[in-house]
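Values in this text are rule-based calculations from the coordinates and carry no lab data. Since the structure is predicted, the reported quantities are computational estimates derived from the model, not experimental observations. All Cβ positions, even for glycine, are placed from backbone atoms using ideal geometry, and neighbour counts span all protein chains on display.
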């Protein structure tokens, strides 16, 4: 299929030239015949795609269209031909030829439907908004309106008499789901049609196609829910043969698939209107269009029912998948010479939510308030502050918004503000109750442990250096009584460990592991600093390396074998060392698994960062300087488990544990953010939103020969 491109392209170009010439000369018979040839070619192309295994559903079609090659070359050639024929046909006034040519892109979609090929289907339908725009600009307005009416009629036939018929006669749920995507693609085209009509200030076309959108597939899914109830009742009958039961179950699965398809298309229809209405509000707010135009288009798009339905559609439109489906993220401003300006649709959606909610609440009295409630949605907690801010802005600019929603709706602002705040507080409370009652999720706990060890091993530089260049001993004994447990023993947030929470971080635990490793390095480094002899600082620039040489020579003179140079926060010294003839940079290809950056002579140089002083170096014979002793950690609480060198415990607090912790630590009776006191009950409740986390180890670095190393303090500038 991809062979002999030049020959195929030349033949198609010849066919296109003949077709354009026939249109120009108004040869209706030739136009019809040549369009028939093109239809045959499209049909062959679609069937060939199937033979090659290119079975395009919506997802794979979008990937193909967004690929580097932008789809099949044959389809690009077809699109070039369609543009040429459309540009030519809208220059003439021959209605018969106009009708035949504008039907051709729709016939491409019809052909694709037979094979359920979303790719070719999309490529045919995408020309409809362009054709409507061309028709609306025709000098003969009567012909232009007639063409727009014809396109509207074709879309109705495609939806109700063809696509809808295919859906209803399907006998497999998976085929219904596939056709549902194709029906959704048609709604996506309506989004482009309405956006184009809005951009052209063509209210008549906007009203026409908005009305057509409302009636799409109206006869396809209306009775699906009724049939589901009927099948369910039939299956409840006891005296029914296995064969009859299986048949009824199969019919039930088909009816459910039809019902889901109908729900999907209704949701897409509402999402389309919500997104477009958000755009109108955005332009109205920025004074980019005349006020009367914005009001007309805004009111034509209507409302979304009650508060519950409005909230559901608001959050549906905030999903990335919905934004991408309709292409809202690439809607651009007009009159910008083709420049695409990305629109942040989220703010527009939130603004529209407030406006529509005010319209719904405009006749609600304070006595009726309890009948209105925003449905629970985890995201609402985080959106509430944004909505309240927008509502204040609307209230502060009442004259601006009065033409759009009216004074009575604006007067409902206090009710909506209270509704948003009450809903957010209620949902926060519900989520907290869910978190308090929830158990720690085993999968989250296991991943958390893996993350701790990953973060620890990645950052345990000093431990790894001692293992490689010093003396490291695993002691299979319980640590001495006087040796403290080191690590974490804290009340950590609980929501990160439960599945019903809106918070989840797959990398949670890395920071604990890194903190454990950092504490190890800090403790061992401080022990070495205190035990080793300090050499004086040289302030003369260029002489700092002499101190390193002096330390090496002094160690060698005392029969030590210096085998490490440790740089602590000493970036400038490292730069001096790299410029020295003695320094050998380590190739990345042969990079050491430790923090070794190179060799000073034949001594490895390791870089470490630690809290505290800068410009500290240690030159040492680590084999003789000391010993890292790693003990079996004491397990003090039932349920602790061994995790590498650590003892580990993660458990939720119950009432008794919370009371015990509160008795030991009165800080829980104060809000750390506000400083205000908490009641005893509030303190207990705060603890119940935590988990008890213990990650502890016992080790010590014992300096056995302090003469086996030197500490060099170059000063904070080094």
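Quick one: compute the contact order of the chain, relative version, from alpha carbon pairs under 8 angstrom and 6+ residues apart, as a percent.
9 percent.
Taking 0.36 nm per residue of separation and subtracting the Cα-Cα distance, full extension of the segment from residue 503 to residue 425 would add 26.3 nm.
The length gained on full extension between residue 157 and residue 92, counted as 0.36 nm times the residue separation minus their Cα-Cα distance, comes to 20.8 nm. Available extension along the chain between residue 556 and residue 467 is 29.8 nm, counting 0.36 nm per residue and deducting the alpha carbon span. With neighbour counts taken as other beta-carbon atoms within 10 Å, the residues 423, 66, 413 rank, fewest first, as 66, 413, 423. With kT/(6 pi eta Rh) evaluated at 10 °C and eta = 1.306 mPa s, and Rh the Kirkwood radius from Cα pairs, the range 594-718 diffuses with a coefficient of 82 µm²/s according to Stokes-Einstein. Taking the square roots of five times each eigenvalue of the Cα gyration tensor of the range 1-152, the equivalent ellipsoid has semi-axes of 27, 18, 13 Å, listed largest first. Between the helical axis of 291-300 and the longest alpha-carbon principal axis of the chain there is an angle of about 80 degrees. Take the Cα radius of gyration of the range 276-332 and divide it by 2.2 N^0.38 Å, N being the number of residues; the result is 1.24. Highest mean packing comes first when the peptides 578-585, 38-45 are listed by Cβ atoms within 10 Å, giving 38-45, 578-585. FRET efficiency for the residue 309 to residue 609 pair, using the beta carbon distance and R₀ = 45 Å, is estimated at 0.20.
Here, the range 510-586 is characterised by an Rg to Rh ratio of 1.02, where Rg is the alpha-carbon radius of gyration and Rh the Kirkwood radius. Under the simplified labelling scheme, the residue 28-residue 602 pair shows an inter-label distance of 10.0 nm, with each label point 7 Å from Cα along Cα→Cβ. Among 122, 165, a tally of other beta-carbon atoms within 10 Å of each Cβ gives an order, fewest to most, of 165, 122. Expressed per residue, the C-alpha convex hull volume of the chain stands at 297 Å³.
Principal-axis analysis of the Cα atoms of the chain puts helix 307-317 at an angle of about 70° to the longest axis. Taking the longest Cα principal axis of the chain as reference, the axis of helix 5-24 is set at about 40 degrees.
Take the Cβ atoms of residue 474 and residue 674, set R0 to 51 Å, and the FRET efficiency comes out at 0.60.
What number, in nm² with one decimal, is the all-direction average of the projected area of the convex hull of the alpha-carbon atoms of the range 103-144? Walk me through the intermediate numbers first.
On the way: hull surface 11.6 nm².
In nm², the orientation-averaged hull projection of the range 103-144 is 2.9.
What the Cβ-Cβ distance of residue 13 and residue 140 gives, at R0 = 30 Å and to the nearest 0.05, is a FRET efficiency of 0.45. For the range 396-515, the pair-distance distribution built from all alpha carbon pairs, in bins 10 Å wide starting at 0, is 10, 21, 21, 16, 13, 10, 5, 4, 0 percent. Here the chain carries DSSP beta bridges of which approximately 75% are antiparallel, counting only pairs with both residues inside.
Would you give the gap between the C-alpha center of the range 162-221 and the C-alpha center of the range 378-409, rounded to a whole Å? Centre-to-centre distance over Cα atoms comes out at 32 Å. Look at the alpha carbon pairs under 8 Å that are at least 6 residues apart: their mean separation over the length of the range 303-437 gives a relative contact order of 27 percent. Could you tell me whether the range 303-437 comes out rounded, prolate or oblate from its Cα gyration tensor? Rule is a ≥ b ≥ c as square roots of the eigenvalues, rounded for a/c under 1.5, then prolate if a/b exceeds b/c, otherwise oblate. It comes out oblate by the Cα gyration axes.
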